[in-house]
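Participant: Here it is, the structure in full.
The values are calculated or read from the model by the stated rules, or taken from the named source; none is laboratory data. From a predicted model like this one, the values you see are computed outputs, not experimental measurements. Cβ sites come from the backbone with ideal geometry, for glycine too, and all protein chains shown count toward neighbours.
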Amino acid sequence: MPTLVVLYVILGSGMAWGYTTSKKNPRKPIPKFVSILSAAAIVVIALLSPFLSGGDDYQGIEAEFRRSYLTKLAENLGQQVVGPGKVLVIHSYDEKEERSRERLEKSIEYLEEGFAGTATIAKTVNPIPPSTNSEDEDYFEVTGKQLNDIVEASPECNIVVFLISLPYGIDELVQMRQFHFPAPEGSDAAELEAENPPFKKFDAKKLPVFGVTVSTNLRDLKYLIQQKRISSAIAWNPNADLETEVTDLPDDLNEVFAMRYMLVNSNNVDKIAASYGKFFRAEKK
């Protein structure tokens, strides 16, 4: 059912807009309301999608789409590590619930297919949001600090795959070692950093490779992709036809992938920005 895909795209954009806007101006109630409503709607649709869809054929087609982008992501990430990789997967699946657990297991299967021996899944973690109270500003949002703690607790993993969204907003992202950029040497900021370093023993060369899926909105992340702090990202293809119902898929998984998605990394991010003017937020001059 293509309508569900369109709804996911719209609601995901609404959640990102609402969250970032409310962060800039907490006194405005509408952005926060839009963010909360969009997040709640995504959860409800995800739970009801098996009953709203067109049955086994639809489920099989959607599973093949998911397989296409997870194998593509894993294949690209595997090419960016030297030697056998160990993978940390951060997800939001409830492993106590059968259907949710099965989706996680399938996702792991697709990732392993894509890695094809270049890396193995070493650990999976489902972080719990600090609050599930809709009155709180960060309702249902996993924080940058939480994610950083999870990554730092797995130093053996040189690949991190996010099946959940990265945090919204620069204030959250900079809580993660991966997105820290040391102040220029000799500057006042560098002196302050030396007195109170945000991350001890920071070495950009030892950072893991990060991969994100369509769960993460890339609109404000162009620089992080350019700098290879996000090594590989799966995004919705702006040219994709999400309205027409798909009843049959090609045998070639690359063709299946191209029907909806595209891979974004440091090699093509500038070309994508030039080709699709509104794909990334315009840089301030």
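Participant: Tell me, which strands (runs of 3 or more DSSP E) lie completely within the range 201-285 with 3 or more residues that are aliphatic (A, V, I, L, M) and surrounded by 14 or more Cβ atoms within 10 Å (Cβ to Cβ)?
Facilitator: Ranges flagged: 232-236, 261-264.
Participant: Among all residue pairs at least 6 apart or on different chains, which show Cβ distances below 6 Å where the first residue, located in the range 105-119, is free of Cβ contacts under 8 Å to residues at least 60 places away in the same chain and the second is among the hydroxyl-bearing types (Ser, Thr, Tyr) and assigned to a helix (DSSP H, G or I)?
Facilitator: Listed pairs, sorted by first residue: Tyr110/Thr71; Glu113/Thr71; Gly114/Thr71.
Participant: Separate question: Which residues, counting only those in the range 82-107, are surrounded by fewer than 18 Cβ atoms within 10 Å (Cβ to Cβ) and of a type in the set (A, V, I, L, M)?
Facilitator: Across the range 82-107, the qualifying residue is only Val82.
Participant: Can we say Glu191 is exposed (fewer than 13 other Cβ atoms within 10 Å of the Cβ), acidic (Asp, Glu), part of a loop (DSSP other than H, G, I, E, B) and free of Cβ contacts under 8 Å to residues at least 24 places away in the same chain?
Facilitator: Here the answer is no, as Glu191 does not meet what is asked.
Participant: Scan (1) outside any loop (DSSP other than H, G, I, E, B); (2) modelled with pLDDT of 90 or more for the single condition Leu47 breaks and write down its number.
Facilitator: (2)
Participant: Looking only at the range 62-107, which residues are at pLDDT 95 or above, of a type in the set (D, E, K, R) and either in a loop (DSSP other than H, G, I, E, B) or within 15 Å of Ser231 (Cα to Cα) (or both)?
Facilitator: Lys72, Glu75
Participant: Same structure again: Given the structure, is Glu156 of a type in the set (Asp, Glu), surrounded by 15 or more Cβ atoms within 10 Å (Cβ to Cβ) and either at pLDDT 95 or above or over 30 Å from Ala273 (Cα atoms) (or both)?
Facilitator: No; evaluated as a whole, the condition is false for this residue.
Participant: Another question, if that's okay. What residue, of Leu147, Leu163, is crowded, with 21+ Cβ neighbours inside 10 Å and in contact with a His (Cβ under 8 Å, 6 or more places away or on another chain)?
Facilitator: Going through Leu147, Leu163 in turn, the sole match is Leu163.
Participant: When you scan the range 139-147, do you find a residue that is under 16 Å from the mean Cα position of the chain (by Cα), modelled with pLDDT of 80 or more, part of a loop (DSSP other than H, G, I, E, B) and farther than 26 Å from Asn76 by Cβ, even just one?
Facilitator: So far as the range 139-147 goes, yes, one or more of its residues are under 16 Å from the mean Cα position of the chain (by Cα), modelled with pLDDT of 80 or more, part of a loop (DSSP other than H, G, I, E, B) and farther than 26 Å from Asn76 by Cβ.
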